[in-house]
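The values are calculated or read from the model by the stated rules, or taken from the named source; none is laboratory data. Computed from a predicted structure; not experimentally measured. Counting neighbours? That spans all protein chains shown, and the Cβs are built from the backbone with ideal geometry, glycine included. To get the accessible areas, we keep the full protein, side chains included, count just its heavy atoms, and leave off ligands, DNA and RNA. Shrake-Rupley method; radii C 1.70, N 1.55, O 1.52, S 1.80 Å.
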Amino acid sequence: MANTFLTRLITERDELSTKFNALGSFLKTEAFNAIATEEKARLHLQFAIMEHYVEVLTLRIQFNETLDSK
């Protein structure tokens, strides 16, 4: 059961990381520069929140991996 939970956490983190990296790439494009200033601010905020979310998921994975190894 715990392994299934850990697998779901890893999948969630990996999927979020893919979206996070895609957004990071988009933030460096001309298309991003063409959008409204307010929307740019929201996308930067989303990027920062996604970064923290990835970090939290990674910490949870590491913690649960140590539990599984005991």
Point to revise | Considering residues of the stretch 20-35 that are in contact with a helix residue (DSSP H, G or I) (Cβ under 7 Å, 6 or more places away or on another chain) and in a helix (DSSP H, G or I) only, the residue farthest from Val54 (Cα to Cα) | key: Phe32
Review point. Within the stretch 33-54, can you find the residues that are open to solvent by 90 Å² or more (accessible area, probe 1.4 Å) and either charged (D, E, K, R) or touching a Ser or Thr at 6+ places or on another chain (Cβ under 6 Å) (or both)?
Key: Glu38, Arg42
Review point. Which residues, taken from the stretch 3-24, are closer than 19 Å to Glu65 by Cβ and hydroxyl-bearing (Ser, Thr, Tyr)?
Key: Thr4, Thr7, Thr11, Ser17
